[in-house]
Amino acid sequence: MSYKILIPARLDSTRLPGKPLRDIAGKTLIQRVVEQAKKSSADLVCVATDSTLIIEHCNEIGVESILTKQTHKTGTDRLFEACELLKLDENEIVLNVQGDEPFIDPVDIQNLFNLLEKNNANMATLFTNLQDNEENDPSVVKLWMNPENLVKDFSRDINHLEKAKAKKHLGIYAYRVQFLRQFIDWKQSVNELQRNLEQMRVLDNNHLISARISQGEIHLGVDTASDLEKAVEIAKKTDEHF
(Lines give C-alpha, C1' and ligand atoms only; values in the text may rest on other atoms or scores of the structure.)
Protein backbone atom coordinates (compact mmCIF):
# COMPACT_ATOMS: atom_id res chain seq x y z
CA MET A 1 0.00 0.00 0.00
CA SER A 2 1.23 3.51 -0.79
CA TYR A 3 1.26 6.53 1.49
CA LYS A 4 1.59 10.31 1.36
CA ILE A 5 3.80 12.65 3.37
CA LEU A 6 2.42 16.05 4.29
CA ILE A 7 4.68 18.64 5.92
CA PRO A 8 2.85 21.44 7.77
CA ALA A 9 4.84 24.68 7.72
CA ARG A 10 4.03 28.07 9.25
CA LEU A 11 6.08 31.20 8.72
CA ASP A 12 4.83 32.90 11.88
CA SER A 13 6.81 31.15 14.64
CA THR A 14 7.06 33.14 17.88
CA ARG A 15 10.36 31.63 19.03
CA LEU A 16 12.05 31.61 15.63
CA PRO A 17 10.32 33.91 13.11
CA GLY A 18 10.49 32.77 9.48
CA LYS A 19 11.63 29.34 10.66
CA PRO A 20 10.93 27.22 7.53
CA LEU A 21 12.99 29.57 5.35
CA ARG A 22 15.97 29.83 7.68
CA ASP A 23 19.28 28.82 6.12
CA ILE A 24 21.01 25.66 7.34
CA ALA A 25 24.39 25.37 5.65
CA GLY A 26 23.18 26.43 2.21
CA LYS A 27 19.68 24.94 2.25
CA THR A 28 16.51 26.12 3.93
CA LEU A 29 15.05 24.20 6.83
CA ILE A 30 11.99 23.16 4.84
CA GLN A 31 14.16 22.05 1.92
CA ARG A 32 16.14 19.72 4.19
CA VAL A 33 12.97 18.20 5.64
CA VAL A 34 11.59 17.58 2.15
CA GLU A 35 14.84 16.02 0.93
CA GLN A 36 14.80 13.55 3.82
CA ALA A 37 11.13 12.75 3.25
CA LYS A 38 11.77 12.07 -0.43
CA LYS A 39 14.27 9.36 0.50
CA SER A 40 11.33 7.29 1.77
CA SER A 41 9.00 5.25 -0.45
CA ALA A 42 6.12 7.76 -0.19
CA ASP A 43 4.43 8.44 -3.52
CA LEU A 44 3.80 12.09 -2.60
CA VAL A 45 5.70 14.64 -0.50
CA CYS A 46 3.84 17.92 -0.17
CA VAL A 47 4.30 21.02 2.01
CA ALA A 48 1.06 22.37 3.51
CA THR A 49 1.45 26.03 4.42
CA ASP A 50 -0.47 29.24 5.04
CA SER A 51 2.36 31.36 3.60
CA THR A 52 2.69 32.50 -0.02
CA LEU A 53 6.41 33.06 0.66
CA ILE A 54 6.82 29.36 1.48
CA ILE A 55 4.79 28.44 -1.62
CA GLU A 56 7.09 30.63 -3.75
CA HIS A 57 10.18 29.04 -2.20
CA CYS A 58 8.82 25.54 -2.82
CA ASN A 59 8.20 26.45 -6.46
CA GLU A 60 11.79 27.70 -6.75
CA ILE A 61 13.26 24.43 -5.45
CA GLY A 62 10.81 22.14 -7.27
CA VAL A 63 8.84 20.99 -4.23
CA GLU A 64 5.11 20.33 -4.35
CA SER A 65 3.15 22.57 -1.97
CA ILE A 66 -0.41 23.57 -1.20
CA LEU A 67 -1.79 26.79 0.29
CA THR A 68 -4.06 26.35 3.32
CA LYS A 69 -6.04 28.74 5.50
CA GLN A 70 -4.37 30.97 8.09
CA THR A 71 -7.08 30.35 10.69
CA HIS A 72 -6.22 26.79 11.74
CA LYS A 73 -5.73 26.26 15.48
CA THR A 74 -3.46 23.22 15.06
CA GLY A 75 -1.16 21.62 12.54
CA THR A 76 -3.52 18.65 12.28
CA ASP A 77 -6.36 20.91 11.17
CA ARG A 78 -4.06 22.26 8.44
CA LEU A 79 -3.16 18.72 7.48
CA PHE A 80 -6.76 17.69 7.01
CA GLU A 81 -7.51 20.69 4.82
CA ALA A 82 -4.53 19.66 2.67
CA CYS A 83 -5.99 16.14 2.40
CA GLU A 84 -9.27 17.59 1.18
CA LEU A 85 -7.58 19.94 -1.29
CA LEU A 86 -5.57 17.00 -2.63
CA LYS A 87 -8.77 14.91 -2.78
CA LEU A 88 -7.20 12.01 -0.90
CA ASP A 89 -9.25 8.86 -0.37
CA GLU A 90 -10.65 8.22 3.13
CA ASN A 91 -8.51 5.07 3.50
CA GLU A 92 -5.29 6.73 2.37
CA ILE A 93 -2.45 6.66 4.91
CA VAL A 94 -0.90 10.05 5.58
CA LEU A 95 2.31 10.76 7.47
CA ASN A 96 2.65 14.10 9.20
CA VAL A 97 6.35 15.01 9.14
CA GLN A 98 7.04 18.19 11.07
CA GLY A 99 8.60 21.02 9.07
CA ASP A 100 11.25 21.62 11.72
CA GLU A 101 12.93 18.17 11.62
CA PRO A 102 15.78 18.59 9.09
CA PHE A 103 17.43 15.26 9.96
CA ILE A 104 14.38 13.00 10.06
CA ASP A 105 15.50 9.50 9.12
CA PRO A 106 13.67 8.04 6.08
CA VAL A 107 13.89 4.62 7.75
CA ASP A 108 11.78 6.00 10.60
CA ILE A 109 9.22 7.27 8.10
CA GLN A 110 8.95 3.84 6.50
CA ASN A 111 8.82 2.06 9.86
CA LEU A 112 6.00 4.30 11.03
CA PHE A 113 3.96 3.54 7.92
CA ASN A 114 4.59 -0.18 8.43
CA LEU A 115 3.49 0.07 12.07
CA LEU A 116 0.18 1.72 11.21
CA GLU A 117 -0.54 -0.72 8.41
CA LYS A 118 0.46 -3.83 10.42
CA ASN A 119 -1.53 -2.90 13.53
CA ASN A 120 -4.44 -1.50 11.55
CA ALA A 121 -4.26 1.38 14.04
CA ASN A 122 -5.88 4.78 13.72
CA MET A 123 -2.71 6.63 14.67
CA ALA A 124 0.97 5.87 15.22
CA THR A 125 4.00 7.84 16.36
CA LEU A 126 7.69 7.52 17.30
CA PHE A 127 9.79 7.91 20.42
CA THR A 128 13.41 7.73 21.50
CA ASN A 129 15.33 7.68 24.78
CA LEU A 130 15.61 10.86 26.81
CA GLN A 131 18.98 12.54 27.26
CA ASP A 132 19.89 13.78 30.74
CA ASN A 133 19.57 17.43 29.70
CA GLU A 134 16.08 16.80 28.29
CA GLU A 135 14.43 15.30 31.37
CA ASN A 136 13.41 18.60 32.94
CA ASP A 137 13.05 20.57 29.72
CA PRO A 138 9.35 21.44 29.23
CA SER A 139 9.88 21.89 25.48
CA VAL A 140 10.67 18.15 25.28
CA VAL A 141 7.45 16.14 25.28
CA LYS A 142 7.53 12.86 27.18
CA LEU A 143 5.40 9.78 26.64
CA TRP A 144 4.68 6.59 28.54
CA MET A 145 3.57 3.28 27.05
CA ASN A 146 1.92 0.08 28.17
CA PRO A 147 3.52 -3.34 27.45
CA GLU A 148 1.80 -3.48 24.03
CA ASN A 149 3.53 -0.24 22.97
CA LEU A 150 0.33 1.75 23.09
CA VAL A 151 0.71 5.26 24.45
CA LYS A 152 -0.65 5.72 27.98
CA ASP A 153 -0.06 9.45 28.27
CA PHE A 154 1.90 12.50 27.11
CA SER A 155 3.27 15.29 29.28
CA ARG A 156 6.00 17.93 29.38
CA ASP A 157 6.57 17.03 33.05
CA ILE A 158 8.76 13.96 33.53
CA ASN A 159 7.18 13.38 36.96
CA HIS A 160 3.69 13.17 35.49
CA LEU A 161 4.01 9.37 35.53
CA GLU A 162 6.89 7.04 36.46
CA LYS A 163 10.09 8.94 35.64
CA ALA A 164 12.15 5.84 34.82
CA LYS A 165 9.72 4.80 32.07
CA ALA A 166 9.45 8.18 30.35
CA LYS A 167 10.54 8.42 26.69
CA LYS A 168 11.06 11.37 24.38
CA HIS A 169 8.19 11.84 21.96
CA LEU A 170 9.10 12.63 18.36
CA GLY A 171 6.63 14.80 16.46
CA ILE A 172 5.89 12.54 13.52
CA TYR A 173 2.51 10.84 13.09
CA ALA A 174 0.80 8.42 10.76
CA TYR A 175 -2.95 8.18 10.31
CA ARG A 176 -5.69 7.44 7.83
CA VAL A 177 -7.60 10.32 6.29
CA GLN A 178 -10.88 9.11 7.78
CA PHE A 179 -9.37 9.34 11.28
CA LEU A 180 -8.13 12.86 10.58
CA ARG A 181 -11.71 13.78 9.76
CA GLN A 182 -12.80 12.44 13.16
CA PHE A 183 -10.00 14.33 14.88
CA ILE A 184 -10.95 17.75 13.57
CA ASP A 185 -14.62 17.15 14.42
CA TRP A 186 -13.74 16.73 18.10
CA LYS A 187 -13.53 19.82 20.28
CA GLN A 188 -10.15 20.69 21.72
CA SER A 189 -9.94 18.72 24.96
CA VAL A 190 -9.10 20.03 28.42
CA ASN A 191 -5.78 18.15 28.55
CA GLU A 192 -4.91 19.31 25.06
CA LEU A 193 -5.34 22.95 26.05
CA GLN A 194 -3.75 22.65 29.48
CA ARG A 195 -0.66 20.80 28.21
CA ASN A 196 -0.55 22.48 24.79
CA LEU A 197 -0.37 19.01 23.20
CA GLU A 198 -2.90 18.36 20.45
CA GLN A 199 -2.28 14.59 20.52
CA MET A 200 -4.05 14.57 23.90
CA ARG A 201 -7.31 15.07 21.97
CA VAL A 202 -6.93 11.51 20.67
CA LEU A 203 -6.39 9.93 24.10
CA ASP A 204 -9.11 12.07 25.66
CA ASN A 205 -11.54 10.66 23.09
CA ASN A 206 -10.53 7.10 24.04
CA HIS A 207 -8.63 6.23 20.87
CA LEU A 208 -5.36 4.31 20.75
CA ILE A 209 -1.97 5.51 19.56
CA SER A 210 0.66 2.91 18.63
CA ALA A 211 4.31 3.81 19.12
CA ARG A 212 7.71 2.42 18.20
CA ILE A 213 11.28 3.45 18.89
CA SER A 214 13.13 5.54 16.34
CA GLN A 215 16.06 4.05 14.44
CA GLY A 216 17.46 7.49 13.60
CA GLU A 217 20.56 8.91 15.25
CA ILE A 218 19.77 12.65 15.13
CA HIS A 219 16.66 13.99 16.84
CA LEU A 220 16.67 17.77 16.59
CA GLY A 221 13.58 19.88 16.19
CA VAL A 222 14.53 23.44 15.24
CA ASP A 223 12.47 25.72 17.48
CA THR A 224 14.96 28.34 18.67
CA ALA A 225 18.03 30.25 17.50
CA SER A 226 20.14 27.86 19.56
CA ASP A 227 18.57 24.86 17.80
CA LEU A 228 19.31 26.51 14.47
CA GLU A 229 22.99 26.87 15.36
CA LYS A 230 23.13 23.19 16.32
CA ALA A 231 21.45 22.23 13.05
CA VAL A 232 23.98 24.22 11.02
CA GLU A 233 26.90 22.43 12.71
CA ILE A 234 25.31 19.00 12.20
CA ALA A 235 24.48 19.76 8.56
CA LYS A 236 28.04 20.83 7.82
CA LYS A 237 29.33 17.51 9.15
CA THR A 238 26.70 15.31 7.51
CA ASP A 239 26.88 17.10 4.15
CA GLU A 240 30.59 16.38 3.98
CA HIS A 241 29.80 12.66 3.64
CA PHE A 242 27.75 13.13 0.46
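The values are calculated or read from the model by the stated rules, or taken from the named source; none is laboratory data. What you are looking at is a predicted structure, and each value in this text was computed from that prediction instead of being measured. Methodologically, a virtual Cβ is constructed for each residue, glycine included, from the backbone with ideal geometry; neighbour enumeration extends over all protein chains shown.
May I ask you to say which residue of Cys58, Cys46 is in a strand (DSSP E or B) and either under 28 Å from Glu229 (Cα atoms) or in contact (Cβ under 8 Å) with a residue 60 or more places away in the chain (or both)?
None of the others qualify; the one that does is Cys46.
Table: residues versus (1) modelled with pLDDT under 95; (2) not in a strand (DSSP E or B); (3) not acidic (Asp, Glu).
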| position | (1), (2), (3) |
| --- | --- |
| Thr71 | yes, yes, yes |
| Cys83 | no, yes, yes |
| Lys87 | no, yes, yes |
| Val94 | no, no, yes |
| Glu101 | yes, yes, no |
| Ile109 | no, yes, yes |
| Leu116 | yes, yes, yes |
| Ala121 | yes, yes, yes |
| Ala124 | no, no, yes |
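Of everything in region 159-178 that's crowded, with 19+ Cβ neighbours inside 10 Å and not in a strand (DSSP E or B), which residue is farthest from the chain's Cα centre (by Cα)?
Ala166
For region 33-44, enumerate the residues that are surrounded by fewer than 23 Cβ atoms within 10 Å (Cβ to Cβ) and under 17 Å from the mean Cα position of the chain (by Cα).
Glu35, Gln36, Lys38, Lys39, Ser40, Ala42, Leu44
Kindly indicate which of Lys4, Lys87 is of a type in the set (D, E, K, R), under 26 Å from Asn122 (Cβ atoms) and touching an Asp or Glu at 6+ places or on another chain (Cβ under 7 Å).
After applying the criteria, what remains is Lys4.
Considering every residue within region 91-102, establish whether at least one is more than 27 Å from Ile184 (Cβ to Cβ), in contact with a Leu (Cβ under 9 Å, 6 or more places away or on another chain) and surrounded by fewer than 22 Cβ atoms within 10 Å (Cβ to Cβ).
The answer is no, given that none of the residues of region 91-102 is more than 27 Å from Ile184 (Cβ to Cβ), in contact with a Leu (Cβ under 9 Å, 6 or more places away or on another chain) and surrounded by fewer than 22 Cβ atoms within 10 Å (Cβ to Cβ).
Scan region 46-59 for residues that are crowded, with 21+ Cβ neighbours inside 10 Å, under 21 Å from Gly26 (Cα atoms) and aliphatic (A, V, I, L, M) and jot them down.
Val47, Ile54, listed by residue number.
Every residue in region 193-219 that is of a type in the set (D, E, K, R), over 19 Å from Asn129 (Cβ atoms) and in contact with a strand residue (DSSP E or B) (Cβ under 7 Å, 6 or more places away or on another chain), please.
Matches in region 193-219: Arg195 only.
Tally time: how many residues in region 184-204 are under 16 Å from the mean Cα position of the chain (by Cα) and among the aromatic types (Phe, Trp, Tyr)?
Of the residues in region 184-204, 0 are under 16 Å from the mean Cα position of the chain (by Cα) and among the aromatic types (Phe, Trp, Tyr).
Name the residue, out of Glu198, Glu229, that is acidic (Asp, Glu) and either assigned to a helix (DSSP H, G or I) or more than 21 Å from Ala9 (Cβ to Cβ) (or both).
Result of the check over Glu198, Glu229: Glu229.
Being within 22 Å of Asn196 (Cα to Cα) and loosely packed, with under 13 Cβ neighbours inside 10 Å narrows it down to one of Lys19, Lys87, Lys69, so name that one.
Going through Lys19, Lys87, Lys69 in turn, just one is within 22 Å of Asn196 (Cα to Cα) and loosely packed, with under 13 Cβ neighbours inside 10 Å: Lys69.
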